[in-house]
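Asks: Structure below; questions to follow.
The values are calculated or read from the model by the stated rules, or taken from the named source; none is laboratory data. Worth saying up front: this structure is predicted, and the values here are computed from it rather than measured. Neighbour counts run over all protein chains shown; Cβ positions are idealised from the backbone, glycine included. The accessibility values were calculated without ligands, DNA or RNA, using every heavy atom of the protein model including side chains. Shrake-Rupley method; radii C 1.70, N 1.55, O 1.52, S 1.80 Å.
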2 protein chains.
Amino acid sequence: MIEDKNIQRTELSDLGEFGLIDHLTKNFKMNHKSTIKGIGDDAAVLDFKDNKIVVTTDLLVEGVHFDLSYMPLKHLGYKSVVVNLSDVCAMNATPTQITVSIAVSNRFPLEALEELYAGIETAASIYNIDVVGGDTTSSTTGLLISITAIGTIDGDNEVYRHGAKPNDLLVVSGDLGGAYLGLQILEREKEVYKVNPNNQPDLEPYSYIIERQLKPEARKDIIKLLKDLDVKPTSMIDISDGLSSEIMHICKQSEVGCDLFEEKLPLDPVVISTCEEFNIDSTTVALNGGEDYELLLTVSQEDFPKIKANPSLTVIGFIKEKESGIHLVTRAETKIPIKAQGWKNFNA
Amino acid sequence: MIEDKNIQRTELSDLGEFGLIDHLTKNFKMNHKSTIKGIGDDAAVLDFKDNKIVVTTDLLVEGVHFDLSYMPLKHLGYKSVVVNLSDVCAMNATPTQITVSIAVSNRFPLEALEELYAGIETAASIYNIDVVGGDTTSSTTGLLISITAIGTIDGDNEVYRHGAKPNDLLVVSGDLGGAYLGLQILEREKEVYKVNPNNQPDLEPYSYIIERQLKPEARKDIIKLLKDLDVKPTSMIDISDGLSSEIMHICKQSEVGCDLFEEKLPLDPVVISTCEEFNIDSTTVALNGGEDYELLLTVSQEDFPKIKANPSLTVIGFIKEKESGIHLVTRAETKIPIKAQGWKNFNA
């Protein structure tokens, strides 16, 4: 949280002609056979043989998607990659390459960009993806990161949002609400820090949820697990905006309804205790929190035996006919319509 | 140049949940067989069969890459696409798909984004590419456009920057310096407008160079021409930063030298007359102007008969051994070393 004023500062303008992108990417290794040519020409050249590919892109803006007062640049680099890989996974595809474009104001020294790229490199290494392209330019104000991710599909195994059928099970990976609560903790500490910069907060009890916010993971492991279990979901989406919003997407595009069971929502104990501390309802957090980057999928009933014993997957509801609508079934067994939460960025 | 204050203004926040990207892209048609799924899921799904592909990305920032006081939004949308397609063409590939991400502040009404997307759609239609993905988010300040373009390669016909060989001919498409001079005219008129908003400038004599700046084209036609002529360049790059800078790239990556002949530089009559008007040297403009988006290529001597009669291609020099260095041979037959001009964005 404390900006170290003593770190070395190299102005970006010192790098000279085309030095910056070369400098930042010089340690990046190409591991995929499909990467014929990475950074260094007008475009990357890729060869996927006869595999289909998926392409997705995301733009992260300082002050809108991240706050550098509590988001270390290395984490930001890591997270920027992960949110794109999560979209690739949500197609049941395996991520293989990314391109990274950065716009940055001259308030950032070279060392800051090195941190950012160290995070990008770490994510590339952990997820085994090649960074094959990029662009670094100046911005009149803050930092902006645009990433495009590419992945390959095994045979005809792509999974869309629109394939859910009545009676399918609604399944989620991992647990929900942690990333949102982690953000609440970080924002609270930021306010404390403003008042008393010498305060040393004890964030240890919140480490799980802070990590969920600062260093989320794309569930590439779930894509592999589904393959190992021989389960092809009927529909899938990643949870970036919040569970209720993603359920709405699947239901709208699949033209189906859904019953979601409150008692089935997977919550980490830290999520429950932090909700109590903040006096907010854990179900609301699980439904609307966002940024968990878990996968929400629907599977045919006949696949239930394959997934039921798996600790990474939780059945949280089932798909119904469109006419039944989309409902949360509460612990008290009342049914509440699930509404779209909307896309908040332009309303802020 | 004059902002019409009376146009309809719909706030972006009025669009509601996920309405914006759907609204902006609803008229976009998918024409390519390789586009299995475009916008509307976590990622696009593409199938190129056994063709290799190229991927390139570019980020355009308001106040750095464009100035909305003289760049109409529709032209900006068009140009944003074109600069990426130009990179695809520079690999000797045919552009097929793009993704478009926009960050925009709430100073822009919906109608402004519709204009921008109308330009994107026009480019997509003219160049026969599918817009398969995108993201629209808010920005704390101006407008930012990030585009990723994908293209296919016919067989093993990709062309890199690094294949130039001594004795190859150095060839350029079209003519040079126009885009830079168009920008000078627009900036001059902007200053006049600030002093006297009622002044009606006569820009007719400059229409060619203004169009070069506001509505450049990617030389997809040259890629087709080279194929028809059965010429595979030994190296190729597009001219975005200026001829001298691109020559340096080819020579550095190919480990060769080069003689460039001043008298061979293709200049439009309007470029020559405008240089006289501004009292600047046309050779300097041709070498360093940038943004012409012409193709710079090297071809083997034996292909000379195939290209010599073609009005779209001009031989401007030849490749030499690395030890000879990189020189401009002037009209007075003196040799001047060509220096890198550098990348100006961070020095501004």
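Asks: Which count do you get for residues in segment A:36-53 that are more than 10 Å from B:Ile53 (Cα to Cα) and either among the small types (Gly, Ala, Ser) or more than 8 Å from chain B (Cβ to nearest Cβ) (or both)?
Replies: Qualifying residue count for the region: 4.
Asks: For segment B:99-135, enumerate the residues that are closer than 30 Å to B:Asp156 by Cβ and in contact with a Leu (Cβ under 8 Å, 6 or more places away or on another chain).
Replies: Answer for segment B:99-135, where residues must be closer than 30 Å to B:Asp156 by Cβ and in contact with a Leu (Cβ under 8 Å, 6 or more places away or on another chain): B:Ala123, B:Tyr127, B:Ile129, B:Val132.
Asks: When segment A:214-255 is examined, which residues are found to be in contact with a Ser or Thr (Cβ under 6 Å, 6 or more places away or on another chain), part of a helix (DSSP H, G or I) and not β-branched (Val, Ile, Thr)?
Replies: A:Ser254, the sole residue that qualifies.
Asks: Turning to a different aspect of this structure: Here are some residues: B:Val83, B:Val131, B:Val100. Which one is more than 15 Å from the chain's Cα centre (by Cα) and more than 10 Å from every other protein chain (Cβ to nearest Cβ)? Quick ask: steps written out before the conclusion?
Replies: Details: B:Val83 fails: more than 15 Å from the chain's Cα centre (by Cα); B:Val100 fails: more than 10 Å from every other protein chain (Cβ to nearest Cβ).
When all the criteria are applied, what remains is B:Val131.
Asks: Within segment B:261-284, how many residues turn out to be part of a loop (DSSP other than H, G, I, E, B) and surrounded by fewer than 22 Cβ atoms within 10 Å (Cβ to Cβ)?
Replies: Count: 6.
Asks: Can you tell me which residue among A:Pro305, A:Pro269 is over 23 Å from A:Thr330 (Cβ atoms) and out of contact with any strand residue (DSSP E or B) (no Cβ under 9 Å at 6 or more places or on another chain)?
Replies: Details: A:Pro269 fails: over 23 Å from A:Thr330 (Cβ atoms).
A:Pro305 is the lone residue from the list that is over 23 Å from A:Thr330 (Cβ atoms) and out of contact with any strand residue (DSSP E or B) (no Cβ under 9 Å at 6 or more places or on another chain).
Asks: What about B:Tyr117, is it away from chain A (no Cβ under 11 Å) and farther than 27 Å from B:Leu295 by Cβ?
Replies: Judged against the criteria, B:Tyr117 is a match.
Asks: Within segment A:135-149, restricting attention to residues that are touching a helix residue (DSSP H, G or I) at 6+ places or on another chain (Cβ under 8 Å) and at the interface with chain B (Cβ under 7 Å from one of its Cβ atoms), which residue is farthest from A:Met236 (Cα to Cα)?
Replies: Applying the filter and picking the extreme gives A:Ser138.
Asks: Scan segment A:86-95 residue by residue and report those that are open to solvent by less than 20 Å² (accessible area, probe 1.4 Å) and either of a type in the set (Val, Ile, Thr) or more than 14 Å from every other protein chain (Cβ to nearest Cβ) (or both).
Replies: A:Val88
Asks: Which members of segment A:1-11 meet the condition of being surrounded by 13 or more Cβ atoms within 10 Å (Cβ to Cβ) and modelled with pLDDT of 80 or more?
Replies: A:Thr10
Asks: Here is a further query. Filter segment A:28-52 for residues that are closer than 23 Å to A:Ala118 by Cα, buried (at least 20 other Cβ atoms within 10 Å of the Cβ) and among the charged types (D, E, K, R) and give the result.
Replies: Scanning segment A:28-52 gives A:Lys37, A:Asp41.
Asks: Still on this structure: Which count do you get for residues in segment B:247-260 that are hydrophobic (A, V, I, L, M, F, W, C) and open to solvent by 30 Å² or more (accessible area, probe 1.4 Å)?
Replies: 1
Asks: Looking at (1) in contact with a strand residue (DSSP E or B) (Cβ under 9 Å, 6 or more places away or on another chain); (2) not in a strand (DSSP E or B), find the lone condition where A:Cys258 falls short.
Replies: Condition (2) is where A:Cys258 drops out.
Asks: Among the listed residues B:Ala103, B:Ala112, B:Ala93, identify the single one that is touching a strand residue (DSSP E or B) at 6+ places or on another chain (Cβ under 7 Å) and over 20 Å from B:Ala218 (Cα atoms).
Replies: B:Ala103
Asks: Taking B:Glu302, is it within 26 Å of A:Asp41 (Cβ to Cβ), free of Cβ contacts under 8 Å to residues at least 12 places away in the same chain and surrounded by fewer than 18 Cβ atoms within 10 Å (Cβ to Cβ)?
Replies: Spelling it out, B:Glu302 is indeed within 26 Å of A:Asp41 (Cβ to Cβ), free of Cβ contacts under 8 Å to residues at least 12 places away in the same chain and surrounded by fewer than 18 Cβ atoms within 10 Å (Cβ to Cβ).
Asks: Exactly one of (1) within 30 Å of A:Thr122 (Cα to Cα); (2) at pLDDT 95 or above; (3) not hydrophobic (A, V, I, L, M, F, W, C) is unmet by A:Gln200. Its number?
Replies: Here A:Gln200 clears every test but (2).
Asks: Output yes when any residue across segment A:162-178 is among the charged types (D, E, K, R), at negative phi, under 18 Å from the mean Cα position of the chain (by Cα) and surrounded by fewer than 21 Cβ atoms within 10 Å (Cβ to Cβ), and no when none is. Steps first, answer last, please.
Replies: Filtering segment A:162-178 down to residues among the charged types (D, E, K, R) leaves A:165, A:168, A:175.
Restricting the remaining residues to those that are at negative phi gives A:165, A:168, A:175.
If we keep only those that are under 18 Å from the mean Cα position of the chain (by Cα) too, we end up with A:175.
From what is left, the residues that are surrounded by fewer than 21 Cβ atoms within 10 Å (Cβ to Cβ) are A:175.
Checked segment A:162-178: at least one residue is among the charged types (D, E, K, R), at negative phi, under 18 Å from the mean Cα position of the chain (by Cα) and surrounded by fewer than 21 Cβ atoms within 10 Å (Cβ to Cβ).
Asks: Taking only segment A:234-246 into account, find how many residues are open to solvent by 10 Å² or more (accessible area, probe 1.4 Å) and farther than 18 Å from A:Lys320 by Cα. Walk me through how you get there before you give the answer.
Replies: Residues of segment A:234-246 that are open to solvent by 10 Å² or more (accessible area, probe 1.4 Å), as a first pass: A:234, A:240-241.
Now narrow it down to the ones that are farther than 18 Å from A:Lys320 by Cα: A:240-241.
The total comes to 2.
Asks: Going residue by residue through segment A:226-233, is there one that turns out to be under 13 Å from A:Gly178 (Cα atoms) and open to solvent by less than 50 Å² (accessible area, probe 1.4 Å)? Outline the logic, then answer.
Replies: Restricting attention to segment A:226-233, the residues satisfying the condition of being under 13 Å from A:Gly178 (Cα atoms) are none.
Within segment A:226-233, none of the residues are under 13 Å from A:Gly178 (Cα atoms) and open to solvent by less than 50 Å² (accessible area, probe 1.4 Å).
Asks: Which residue out of A:His23, A:His65, A:His75 is open to solvent by 50 Å² or more (accessible area, probe 1.4 Å), assigned by TED's automatic domain parsing to the domain that holds A:Asp130 and without any contact (Cβ under 8 Å) to a residue 60 or more places away in the chain?
Replies: Values: A:His23 fails: without any contact (Cβ under 8 Å) to a residue 60 or more places away in the chain; A:His75 fails: without any contact (Cβ under 8 Å) to a residue 60 or more places away in the chain.
On inspection, the qualifying residue turns out to be A:His65.
Asks: Exactly one of these conditions fails for A:Glu121: (1) under 30 Å from B:Ile247 (Cβ atoms); (2) surrounded by fewer than 23 Cβ atoms within 10 Å (Cβ to Cβ). Give me its number.
Replies: (1)
Asks: Of all residues in segment A:235-271, how many are more than 27 Å from B:Gly40 (Cβ to Cβ) and among the β-branched types (Val, Ile, Thr)?
Replies: 2
Asks: Something else: Which residue out of A:Ile185, A:Ile222 is under 18 Å from the mean Cα position of the chain (by Cα) and not basic (Lys, Arg)?
Replies: A:Ile222
Asks: Any residue in segment B:80-97 that is of a type outside the set (Ser, Thr, Tyr) and either free of Cβ contacts under 8 Å to residues at least 12 places away in the same chain or over 27 Å from B:Val172 (Cβ atoms) (or both)?
Replies: Within segment B:80-97 (the criterion being of a type outside the set (Ser, Thr, Tyr) and either free of Cβ contacts under 8 Å to residues at least 12 places away in the same chain or over 27 Å from B:Val172 (Cβ atoms) (or both)), the answer is yes, since at least one residue qualifies.
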